[in-house]
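Have a look at the structure below, then the notes.
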Amino acid sequence: MITINENYLKLQASYLFSDIARRVARFQDENPDKEVIKLGIGDVTKGLTPTVINAFHKAVDEMADDATFRGYGPEQGYEFLREAIVQNDFQSRGANITANEVFISDGAKCDTGNIQEIFSTDITIAIPDPVYPVYLDTNVMAGRTGIFENGRYQGLVYLDSTKENNFVPTLPKEKVDLVYLCFPNNPTGSTATKEELAEWVQYARENKALILFDAAYEAFIQNTDIPKSIYEIEGADEVALEFRSFSKNAGFTGTRCAYTVVPEKCVAYDSEGNPQSLHALWNRRHCTKFNGVSYPVQKAAAAVYSPEGKQECKERIDYYMKNAQLICKTMDELGYSYVGGENSPYIWIDGKTDSWEFFDMLLNKAAVVCTPGAGFGKCGNGYIRISAFNSHENVEKATLRLTEALS
Ligand code: MLT
């Protein structure tokens, strides 16, 4: 008899964003004349930039010519992209990451979800609350938690991110083996200072722990004092992996390209306490289960690092950040407190009521979609997340509707 992985039965109903999409579709069915404005899932709305799309087209044409055609590429990604990444994203900021330590993939969601496979099932994991649901759900699926009770899975160490700590979790009192961190944070939009990240790096070094650092939103950082990479902290390359994405900085949500940095110095331990290279393990996993991102997509991603590509992507970021400013201004006027929106495309608003009720109210009264904070964890209850990814016109319209619905 075929049996299932019963850990899946512990999962909460459905994936947050699928749940929201279903509710919105139902609302739209029942209200076909209403124009719904989506400020929920963090999906970009502007097309790929001219420089990126030109590189993409050119590479597609190369694929049609026997002389330039490419079959299977290196699983880890083409050298031209890995080199551009390390020079621009790390070495230029004083972080000594090499191309060999970069693994190109089809998404930071997949990478942050898949990485847990290389760790033992009996490790202690610290997960922020609220949190991007992928970190949590993939560990539930792998059997690293108990049942869900009172809004939390048993067996995990939750790191509360609340008003009290400025939405930057403090070090756990107990010893943990694996820590998930995300800055600029999804969902709260908070950022961590160099000093705060240095405390985590020190904790990891002292406890032989590992940090999984999700920096998918680094391009939105405006304040030059805020670190963009954990490798700007000394010693982090011994205790941290970093996840990056072309989705939000260059509009690749539908094109798919991301990368994970696994430094050669990073180790985890076998049952006898011997250090084992995480680079070797992840490489083995990647080569076995992944055949690389397509050549045209990698060419398009490399174009993001050309001088023109950088300028165009910066303009895209500025465009979305202008939306974020308008959302923040509206919330100030309405007297709602919030965090984020300054160095992040997300604004985390204290809705002063149940998150899902607030979500339904906004949908029904304003036809605006947000994301209920409760979907990101117990500490998210009472909050909603508004995303700045949409056109100026739609964000302007949405803020007018919010003002009407909330005042
Ligand atoms: C979000 O809205 O939290 C993200 O866009 C989802 C994702 O990137 O997978």
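The values are calculated or read from the model by the stated rules, or taken from the named source; none is laboratory data. These numbers were taken from a predicted model, which means no experiment stands behind them. A quick note on method: Cβ atoms are made from the backbone with ideal geometry, for glycine too, and the neighbour counts reach across all protein chains shown. Only protein heavy atoms, including side chains, enter the accessible area calculation; ligands, DNA and RNA are left aside. Shrake-Rupley method; radii C 1.70, N 1.55, O 1.52, S 1.80 Å.
Overview of values
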| item | result |
| --- | --- |
| For Ser245, residues with placed amide H under 5 Å, excluding near neighbours | Tyr259 |
| Peptides ranked, highest mean first, by Cβ atoms within 10 Å: ranges 260-267, 125-132 | 125-132, 260-267 |
| Within the accessible area of the chain (1.4 Å probe), percent carbon and sulfur | 49 percent |
| Calculated over the stretch 145-214: convex hull of Cα atoms, volume per residue (Å³) | 105 Å³ |
| Cα-centre dipole for the chain with unit charges at Cβ (Lys and Arg positive, Asp and Glu negative), debye to 20 | 520 debye |
| Cα pair distances of the chain binned at 20 Å [whole percent] | 26, 58, 16, 0 |
| Rg/Rh (Cα only; Kirkwood hydrodynamic radius) as it applies to the stretch 243-370 | 1.12 |
| Accessible area in square angstrom per residue, the stretch 201-242, 1.4 angstrom probe | 36 Å² |
| GNM top mover of Ala374, Ala303, Ala280 - the chain, alpha-carbon springs below 10 Å | Ala280 |
| Helix-only CD estimate at 222 nm, as mean residue ellipticity for the chain, using -39500 (n - 2.57) per DSSP H run (n ≥ 4) | -11000 deg cm²/dmol |
